[in-house]
Each structure stands twice: as C-alpha cells, then as structure tokens.
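Everything on this sheet refers to the single structure shown next.
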Amino acid sequence: MSKIVGRFAPSPTGLLHLGGARTALFTWLYSKSLGGDCLLRLEDTDAERSEQKYTDSIINSFKWMGIEFDQEPVYQSRNKDNHLDKAQELVNKGKAYYCDCSPERLKKIREEQQKKREKPKYDGKCRELGLEKGPNTVIRFKNPESGSVTFKDLVRGQMEVANKELDDLILVRSDGSPTYNLCVVVDDLDMNISHVVRGDDHINNTFRQINIFKALEESVPIYGHVPMILGEDGKRMSKRHGAVNVLDYKDLGVLPEAFLNYIVRLGWSYGDQEMFELKELIQIFKDGKLNNSPASFSYEKLLWFNREYFLKMENKTLLELLVPTSKQFKQDDYSAKVINLIKERCSLLSEFENEGSYFYDDSVVVDSKDASKVFTEQAVTILKFLVEGFKELTNWQVEDIKSLFNEVMEKNEVGMASVGKPLRLAITGRMNSASVDETSLVLGQEKVIKRVEDVIKSYS
Ligand code: GLU
C-alpha cells in the first residue's frame, strides 16, 4: 500500500476557528493513526482576501495545540504553473475545452433556467466547438454527461450523484487564474495526498474533483467529510457564540491539552472514554467512531475539561504557566501549596490570580454587607476562642486545626458553619473558598492569628 498522506488546507482569509481546528485535528490524527504524514497547505490564491497575519495566526494556533505538520507548509499560489499545465493537459486530452460565451449570454441562460425552475447550469454551447484560446476565453471542464460519481465516505458511507446534476465548471478564468476545484485536485496530486478529511460543506466539490482526477487518469484519494459544529442554540457556530478563534481560547486561559481533548470529542468517540492524551489519540484515532451528525459546542463542557486537566497537572507545571504573568505566584513551595488548594475552584488559568490573592495580600478587605451578616456577637466570641486555640497549637497541622474546630463547636454548642463562616471571612475576606482548615493550614499560623485578631478588634 502506498504511503498515507493527509492534509489540512485552510484559506488564510481569516483566523483559525474552532471548527477548522477540529477538522485539522481529525485529518492529522487520522493520518497519524494510520502511520502516515499530514501536511499543511495554505490556499492563498485569493490575493485580495489572503493575508500574512492570518497565515501566521493559523501556524501559531497549531503550535499552541501541539500539532506538528510534516514538512514545511505548502502555499497554493506558488503552484500556479502546475495548475495551468494540468488544465492544458485536460484540453489536449479532450477532457476540457475553451469557451467564449459572454457574461451576458450566461446570464440569459441562467434566467431562462430559473424561469423553468431548472438547476442553473452551463448549456454546453462551446463543448464540441474545438475553440482555440482567445482574449476572453475560459477553460471549462467536460463533465461526463451520463453515469454517476460515487465514493465511499469515511464518515457518511456510500455517496452518489448523477453526472447530469453537475456543471461544466470553469477551470481557468478569462484572466488566466485557475479556479478552486482545479487547484485542489492538482495540489492533492502534487502532494501525493491519499486521504482528504474536510468539512461537509465540501461534499459538492468532492464529486466535481473526483471527475477531474479521473479525467487526468489519476487515482482518487479517500474522502471523509466531517459534520459542522453547532452552537448551544443549535445554530451554526459563529461569533455570536463567543470565542470562535483558537487563540482566543489560549488568551482566555484554556490549556491546549484540554482544548484538544474537548474538540476531539466533538464528533468522534471511543467507547465511553472522555479523557485522551494526544499520544494515545495518535494510536487509537482510526479505531474510534466518527459521527455523521452535527456536534454541539458547550463552553461549560470545555471548562470541565480544563478543570480536569488542572487537577491532573503537577503543581510545578501549572506554576510554570502562571508565574510569567502573575504578580503573586512564584515557583516555590508556598505557591505550590496555594495552587494545589485552589485549582479545583478554577476553570481557566486566568482565574487563579484572583482565586488565590488572599494568600498573598495581607490587607484582607471584608465587604460591609458580608461583615454585618457574619460577624455577629456570637461569631466574634467564637473567633476569640479560635484565636486563643491557634496560639496554643504547637503543630500547625490539619488534624490539630480540625480538632480545635471541634473543641470550639462543643464549648459553644454550635455546628461547623458557625465556626467556619466567620473564620473564612476573617482570613480570606470571602464567603466562599477552599475548605477553611486547609486554607488556614496553607496560610500559616502567624497570618491566620493576625487576620482573626484584626477582625476581633474591628467588630468587638
Ligand atoms: N481551502 C478550503 C477551505 O478553507 C478547503 C479545501 C479543501 O479542504 O479541500 O474551505
């Protein structure tokens, strides 16, 4: 069997969005899981809309995701001579022809067809005229008139369309520029592409492209068309649904591992397994199931994956990501303990700074409404008991802190909430935090005593 080569072929006319990233990931994983290569081709033939900044951003998006393509990226615009040579080859073989129909004539045919409720299609006037190249000629493909085009889609199974449904499409415009379907076929041939996995919005092009491959007497790649991604409202994913570009997720504080894991599950499954590492996916992707119905995007689910990855990650590794932009975290034991405690409360990297701020900022500010609710006379009494107990502790360990809480609860005949709430508010300035015993442990004896004493002074 010849080598498996897949490709992802974005047009650099915009940033890489979530749907494109998912298609690329599927293409890449499919090729890799079959032991093949995967190439990146930038379809930059639309000179007006293609921009270098989009190419850079697409490449950076893959870098962030940890997806490495084999070989340097291929730029479609640099292969123009080949595109035109192949068009000429088709003309020479009698599989394509010059057409000099004017735009006015084409418009008229279209209008007549519309009136008769027929599918708009070139009527074949120049098909057998054997015209030569002229100033206003285009090259049209001689699509077969009978029979049908069939292929076995990796996702959708058997596909078929009758040739009479297809048009004699333009391969080269009158200005000499090759069109999309010709460029794709020629580039796929030049790059020895064996597998084309792309969005299902390309199905109609696939039938046309297969006919071009056949006319060139070349073997046809294997195709797989992946369904689109819908937003939570069931509509096609777009800017309305919040972040759509891959690097927006990076900026939000999503981990690339979590992002990959989340998008691979949008339309692919492997039993009930949810968590996948890239290394594992490279082995198993071909054995999973590609779904043929649209997948729904859920931001909540993405955040769930992100949190799961925080929990799995070494604290040191997490700190490596946080320290460069943090005013408080350092690569030391104290920060590692803080991170360990708060990570289950964070869904995004960007949430850690605020979630952990009271471990670093000694000026705990308590909201007056919270204070009047929580620092009642009884609560202040409890805090006094606590602070005396804290001072006597010779071992600042979680068991000792917990038994002190029990002692104070018994003495005052109250439950844990009456101890935990005021203590939490006193040491963190917040109504919610990680468990108050662990929080006290990490903050340290001295800070806890100082913060509780400050509250007692202010609210007695
Ligand atoms: N450049 C096309 C697009 O961005 C993809 C072409 C292909 O995958 O064949 O939609």
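Computed quantities for the displayed model
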{"item": "Subset of the range 148-203 (residues that are more than 25 Å from residue 20 (Cβ to Cβ) and of a type in the set (S, T, N, Q))", "result": "148, 150, 158, 163, 174"}
{"item": "Matching strands (runs of 3 or more DSSP E) fully within the range 151-241 where at least 1 residues are away from the ligand (no atom under 14 Å from the Cβ) and touching a strand residue (DSSP E or B) at 6+ places or on another chain (Cβ under 7 Å)", "result": "157-162, 170-172"}
{"item": "Residue check, residue 375 over 29 Å from residue 335 (Cα atoms), out of contact with any strand residue (DSSP E or B) (no Cβ under 8 Å at 6 or more places or on another chain) and at pLDDT 95 or above", "result": "yes"}
{"item": "Test: residue in the range 231-253 that is among the β-branched types (Val, Ile, Thr) and farther than 18 Å from residue 10 by Cβ", "result": "no"}
{"item": "Members of the range 388-405 found to be in a helix (DSSP H, G or I), under 50 Å from the mean Cα position of the chain (by Cα) and either charged (D, E, K, R) or under 22 Å from residue 454 (Cα atoms) (or both), listed by number", "result": "390, 399, 400, 401, 402, 404, 405"}
{"item": "Some residue of the range 255-276 being more than 16 Å from residue 22 (Cα to Cα), in a helix (DSSP H, G or I) and not acidic (Asp, Glu)", "result": "no"}
{"item": "Pair list, Cβ under 8 Å, 6 or more apart: the range 16-38 residue closer than 17 Å to residue 191 by Cα, other residue among the hydroxyl-bearing types (Ser, Thr, Tyr) and part of a helix (DSSP H, G or I)", "result": "37/31; 38/27; 38/31"}
{"item": "Members of the range 303-331 found to be part of a helix (DSSP H, G or I), under 19 Å from residue 251 (Cα atoms) and of a type in the set (A, V, I, L, M, F, W, C), listed by number", "result": "303, 304, 305, 310, 318, 319, 321, 322, 323"}
{"item": "Long-range neighbours under 9 Å by Cβ, at least six apart or interchain, first residue of a type in the set (D, E, K, R) within the range 230-245, second modelled with pLDDT under 85", "result": "232/241; 233/240; 233/241; 235/241"}
{"item": "Filter result for the condition that a residue is among the β-branched types (Val, Ile, Thr) and free of Cβ contacts under 8 Å to residues at least 24 places away in the same chain, over 109, 58, 4, 67", "result": "109"}
{"item": "Subset of the range 85-105 [small (Gly, Ala, Ser) and surrounded by 12 or more Cβ atoms within 10 Å (Cβ to Cβ)]", "result": "87, 96"}
{"item": "Residue that is nearest to the ligand (Cβ to nearest atom) [pool: residues in the range 1-53 that are modelled with pLDDT of 95 or more and of a type in the set (Asp, Glu)]", "result": "43"}
{"item": "Evaluation of residue 163 against (1) over 20 Å from residue 110 (Cα atoms); (2) surrounded by fewer than 17 Cβ atoms within 10 Å (Cβ to Cβ); (3) not β-branched (Val, Ile, Thr) (one fails), failing number", "result": "(1)"}
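Conditions (1) at pLDDT below 95; (2) more than 14 Å from the chain's Cα centre (by Cα); (3) crowded, with 19+ Cβ neighbours inside 10 Å, marked per residue:
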{"position": "269", "(1), (2), (3)": "no, yes, no"}
{"position": "287", "(1), (2), (3)": "no, yes, no"}
{"position": "292", "(1), (2), (3)": "yes, yes, no"}
{"position": "297", "(1), (2), (3)": "yes, no, yes"}
{"position": "301", "(1), (2), (3)": "no, no, no"}
{"position": "310", "(1), (2), (3)": "no, yes, yes"}
{"position": "313", "(1), (2), (3)": "no, yes, no"}
{"position": "316", "(1), (2), (3)": "no, yes, no"}
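The values are calculated or read from the model by the stated rules, or taken from the named source; none is laboratory data. Note that the coordinates shown come from a computational prediction; the quantities given were computed from them, not determined experimentally. Glycine gets a Cβ as well: all are built from the backbone with ideal geometry, and neighbour counts include every protein chain shown.
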